[in-house]
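Step one of this worksheet: look at the structure below.
The values are calculated or read from the model by the stated rules, or taken from the named source; none is laboratory data. Note that this is a predicted model, so its numbers are computed, not measured. Note that each Cβ is placed from the backbone with ideal geometry, even for glycine, and that neighbours are counted across all protein chains shown.
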Amino acid sequence: MDQLFEARCLPSGAFGAGDSDAVSAYRTFLGTLCLQMLGDEGPGPEAIDAIRGLRREDGGYAERSGDSAAQTNATAAAVALQLMRGGLAKPMAAETAGFLASMQARDGGLKAHADAAAGDLLSTFTGLLTICMLGAVNALHLGALARFLRSVARPGGGFGASPADAGADVEYTFYGMGCMALLRASVGEGG
(Lines give C-alpha, C1' and ligand atoms only; values in the text may rest on other atoms or scores of the structure.)
Protein backbone atom coordinates (compact mmCIF):
# COMPACT_ATOMS: atom_id res chain seq x y z
CA MET A 1 0.00 0.00 0.00
CA ASP A 2 2.81 2.40 0.87
CA GLN A 3 4.33 1.92 -2.60
CA LEU A 4 1.03 2.86 -4.23
CA PHE A 5 0.78 6.09 -2.26
CA GLU A 6 4.44 6.93 -2.84
CA ALA A 7 4.02 6.43 -6.61
CA ARG A 8 1.19 8.96 -6.72
CA CYS A 9 2.30 11.37 -4.00
CA LEU A 10 4.04 14.58 -5.06
CA PRO A 11 6.65 16.44 -2.97
CA SER A 12 3.93 18.77 -1.64
CA GLY A 13 1.95 15.83 -0.26
CA ALA A 14 -0.77 16.29 -2.89
CA PHE A 15 -1.43 13.51 -5.41
CA GLY A 16 -1.12 13.33 -9.18
CA ALA A 17 -0.94 10.77 -11.96
CA GLY A 18 2.02 8.40 -11.72
CA ASP A 19 3.61 9.83 -14.87
CA SER A 20 3.14 13.52 -14.06
CA ASP A 21 4.18 16.10 -11.50
CA ALA A 22 0.89 18.00 -11.94
CA VAL A 23 -1.24 18.27 -8.80
CA SER A 24 -4.70 16.72 -9.24
CA ALA A 25 -7.65 17.91 -7.15
CA TYR A 26 -9.58 14.68 -7.59
CA ARG A 27 -6.63 12.32 -7.01
CA THR A 28 -5.64 14.29 -3.91
CA PHE A 29 -9.22 14.05 -2.63
CA LEU A 30 -9.34 10.28 -3.22
CA GLY A 31 -5.85 9.76 -1.79
CA THR A 32 -6.83 11.73 1.30
CA LEU A 33 -9.95 9.63 1.82
CA CYS A 34 -7.89 6.44 1.52
CA LEU A 35 -5.27 7.73 3.95
CA GLN A 36 -7.97 8.69 6.43
CA MET A 37 -9.44 5.18 6.23
CA LEU A 38 -5.96 3.89 7.11
CA GLY A 39 -5.75 6.15 10.16
CA ASP A 40 -3.64 8.96 8.65
CA GLU A 41 -5.07 12.47 8.84
CA GLY A 42 -4.19 13.20 5.23
CA PRO A 43 -2.66 16.20 3.55
CA GLY A 44 -0.68 18.81 5.39
CA PRO A 45 -0.46 22.54 4.75
CA GLU A 46 1.80 22.17 1.68
CA ALA A 47 -0.70 19.92 -0.06
CA ILE A 48 -3.58 22.27 0.76
CA ASP A 49 -1.52 25.17 -0.64
CA ALA A 50 -1.00 23.11 -3.81
CA ILE A 51 -4.78 22.56 -4.04
CA ARG A 52 -5.40 26.28 -3.49
CA GLY A 53 -3.05 26.84 -6.42
CA LEU A 54 -5.69 25.19 -8.63
CA ARG A 55 -8.10 28.07 -7.97
CA ARG A 56 -8.99 30.10 -11.06
CA GLU A 57 -10.17 33.70 -11.42
CA ASP A 58 -13.83 32.65 -11.72
CA GLY A 59 -13.76 31.12 -8.22
CA GLY A 60 -13.68 27.52 -9.41
CA TYR A 61 -10.80 25.06 -9.36
CA ALA A 62 -9.04 23.28 -12.21
CA GLU A 63 -8.47 19.54 -12.05
CA ARG A 64 -4.72 19.72 -12.69
CA SER A 65 -2.16 22.46 -12.21
CA GLY A 66 -1.65 22.77 -15.99
CA ASP A 67 -5.37 23.23 -16.77
CA SER A 68 -6.63 26.75 -17.45
CA ALA A 69 -10.36 26.26 -16.87
CA ALA A 70 -12.21 25.41 -13.68
CA GLN A 71 -14.49 22.39 -13.50
CA THR A 72 -17.42 21.54 -11.26
CA ASN A 73 -16.11 18.19 -10.02
CA ALA A 74 -12.57 19.45 -9.44
CA THR A 75 -14.04 22.38 -7.51
CA ALA A 76 -16.02 19.98 -5.32
CA ALA A 77 -12.86 17.96 -4.58
CA ALA A 78 -10.78 21.08 -3.83
CA VAL A 79 -13.44 22.55 -1.53
CA ALA A 80 -13.87 19.24 0.33
CA LEU A 81 -10.12 19.02 0.92
CA GLN A 82 -9.97 22.57 2.24
CA LEU A 83 -12.98 22.03 4.50
CA MET A 84 -11.33 18.88 5.88
CA ARG A 85 -8.26 20.91 6.76
CA GLY A 86 -9.67 24.14 8.16
CA GLY A 87 -11.99 25.74 5.66
CA LEU A 88 -12.12 28.57 3.18
CA ALA A 89 -12.14 32.30 3.80
CA LYS A 90 -15.66 33.72 3.40
CA PRO A 91 -14.86 35.78 0.28
CA MET A 92 -13.32 32.72 -1.41
CA ALA A 93 -16.28 30.54 -0.40
CA ALA A 94 -18.71 33.10 -1.85
CA GLU A 95 -16.78 33.28 -5.14
CA THR A 96 -16.67 29.49 -5.34
CA ALA A 97 -20.43 29.27 -4.71
CA GLY A 98 -20.88 31.84 -7.49
CA PHE A 99 -18.79 29.71 -9.84
CA LEU A 100 -20.87 26.63 -9.05
CA ALA A 101 -24.12 28.55 -9.55
CA SER A 102 -22.82 29.70 -12.95
CA MET A 103 -22.51 26.04 -13.95
CA GLN A 104 -26.29 25.54 -13.73
CA ALA A 105 -27.44 24.84 -17.28
CA ARG A 106 -30.74 25.69 -18.92
CA ASP A 107 -31.88 22.13 -18.24
CA GLY A 108 -31.49 22.80 -14.48
CA GLY A 109 -28.56 20.46 -13.92
CA LEU A 110 -24.99 21.54 -13.33
CA LYS A 111 -22.47 21.27 -16.16
CA ALA A 112 -19.07 19.65 -15.75
CA HIS A 113 -17.38 22.77 -17.16
CA ALA A 114 -18.37 26.02 -18.86
CA ASP A 115 -18.17 24.58 -22.39
CA ALA A 116 -20.45 21.60 -21.67
CA ALA A 117 -23.75 21.79 -23.52
CA ALA A 118 -25.94 20.53 -20.68
CA GLY A 119 -26.02 19.37 -17.10
CA ASP A 120 -25.14 15.86 -15.99
CA LEU A 121 -26.10 14.09 -12.79
CA LEU A 122 -22.56 13.58 -11.45
CA SER A 123 -21.74 17.30 -11.75
CA THR A 124 -25.17 18.20 -10.37
CA PHE A 125 -24.59 16.06 -7.28
CA THR A 126 -21.04 17.22 -6.59
CA GLY A 127 -21.93 20.86 -7.26
CA LEU A 128 -25.09 20.74 -5.13
CA LEU A 129 -23.31 19.00 -2.25
CA THR A 130 -20.49 21.55 -2.35
CA ILE A 131 -22.77 24.57 -2.55
CA CYS A 132 -24.71 23.15 0.43
CA MET A 133 -21.45 22.74 2.38
CA LEU A 134 -20.66 26.38 1.57
CA GLY A 135 -24.08 27.44 2.93
CA ALA A 136 -25.12 28.99 -0.38
CA VAL A 137 -27.80 26.66 -1.72
CA ASN A 138 -30.03 29.64 -2.54
CA ALA A 139 -27.54 30.59 -5.29
CA LEU A 140 -29.05 27.75 -7.35
CA HIS A 141 -32.48 27.64 -8.96
CA LEU A 142 -33.80 24.71 -6.95
CA GLY A 143 -37.02 24.32 -8.95
CA ALA A 144 -35.00 23.95 -12.15
CA LEU A 145 -32.70 21.49 -10.43
CA ALA A 146 -35.71 19.43 -9.33
CA ARG A 147 -36.99 19.40 -12.94
CA PHE A 148 -33.58 18.16 -14.06
CA LEU A 149 -33.75 15.35 -11.50
CA ARG A 150 -37.16 14.31 -12.82
CA SER A 151 -35.72 14.26 -16.36
CA VAL A 152 -32.97 11.80 -15.38
CA ALA A 153 -35.22 9.56 -13.24
CA ARG A 154 -36.18 6.38 -15.05
CA PRO A 155 -39.74 4.97 -15.07
CA GLY A 156 -38.55 1.54 -13.93
CA GLY A 157 -36.54 3.06 -11.09
CA GLY A 158 -33.11 4.54 -10.75
CA PHE A 159 -31.42 7.42 -12.54
CA GLY A 160 -29.42 7.96 -15.71
CA ALA A 161 -26.49 10.32 -16.25
CA SER A 162 -28.46 12.78 -18.41
CA PRO A 163 -31.87 13.05 -20.06
CA ALA A 164 -30.35 11.42 -23.18
CA ASP A 165 -29.17 8.39 -21.17
CA ALA A 166 -31.99 5.86 -21.49
CA GLY A 167 -30.65 3.48 -18.86
CA ALA A 168 -30.23 3.61 -15.13
CA ASP A 169 -27.30 2.37 -13.12
CA VAL A 170 -26.19 2.13 -9.51
CA GLU A 171 -23.68 5.01 -9.67
CA TYR A 172 -26.12 7.55 -11.11
CA THR A 173 -28.91 6.30 -8.86
CA PHE A 174 -26.63 7.13 -5.92
CA TYR A 175 -26.14 10.66 -7.29
CA GLY A 176 -29.86 11.04 -7.93
CA MET A 177 -30.82 9.91 -4.44
CA GLY A 178 -28.13 12.17 -2.99
CA CYS A 179 -29.52 15.15 -4.91
CA MET A 180 -33.04 14.35 -3.76
CA ALA A 181 -31.92 14.21 -0.13
CA LEU A 182 -30.00 17.50 -0.43
CA LEU A 183 -32.96 19.21 -2.09
CA ARG A 184 -35.33 17.95 0.55
CA ALA A 185 -33.03 19.17 3.34
CA SER A 186 -32.61 22.53 1.58
CA VAL A 187 -36.32 23.07 1.09
CA GLY A 188 -36.94 21.92 4.65
CA GLU A 189 -34.57 24.64 5.84
CA GLY A 190 -36.44 27.26 3.86
CA GLY A 191 -33.94 27.13 0.96
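Quick check on region 80-98: of everything there that is assigned to a helix (DSSP H, G or I) and within 20 Å of Leu10 (Cβ to Cβ), which residue is farthest from the chain's Cα centre (by Cα)? Once the filter is applied, the top-ranked residue is Met84. Scanning region 7-16 turns up one or more residues that are at pLDDT below 85, surrounded by fewer than 14 Cβ atoms within 10 Å (Cβ to Cβ) and over 21 Å from Thr126 (Cα atoms). Considered as a group, the residues in region 86-117 that are aliphatic (A, V, I, L, M) and over 17 Å from Arg56 (Cα atoms) include one that is surrounded by the fewest Cβ atoms within 10 Å (Cβ to Cβ), and that residue is Ala117.
If you filter region 148-188 down to residues that are in contact (Cβ under 8 Å) with a residue 40 or more places away in the chain and in a loop (DSSP other than H, G, I, E, B), you find that the one that is surrounded by the fewest Cβ atoms within 10 Å (Cβ to Cβ) is Pro163. The set of residues in region 127-175 that are among the hydroxyl-bearing types (Ser, Thr, Tyr) and over 21 Å from His113 (Cα atoms) contains only Thr173. Return the residue satisfying two criteria in turn: it lies in region 19-44 and is of a type outside the set (A, V, I, L, M), in a helix (DSSP H, G or I) and modelled with pLDDT of 90 or more, and of such residues it is surrounded by the most Cβ atoms within 10 Å (Cβ to Cβ). Restricting to residues being of a type outside the set (A, V, I, L, M), in a helix (DSSP H, G or I) and modelled with pLDDT of 90 or more, the top hit is Thr28. Residues in region 49-76 that are small (Gly, Ala, Ser), under 19 Å from Ser20 (Cα atoms) and buried (at least 16 other Cβ atoms within 10 Å of the Cβ): Ala50, Ala62, Ser65, Ala74.
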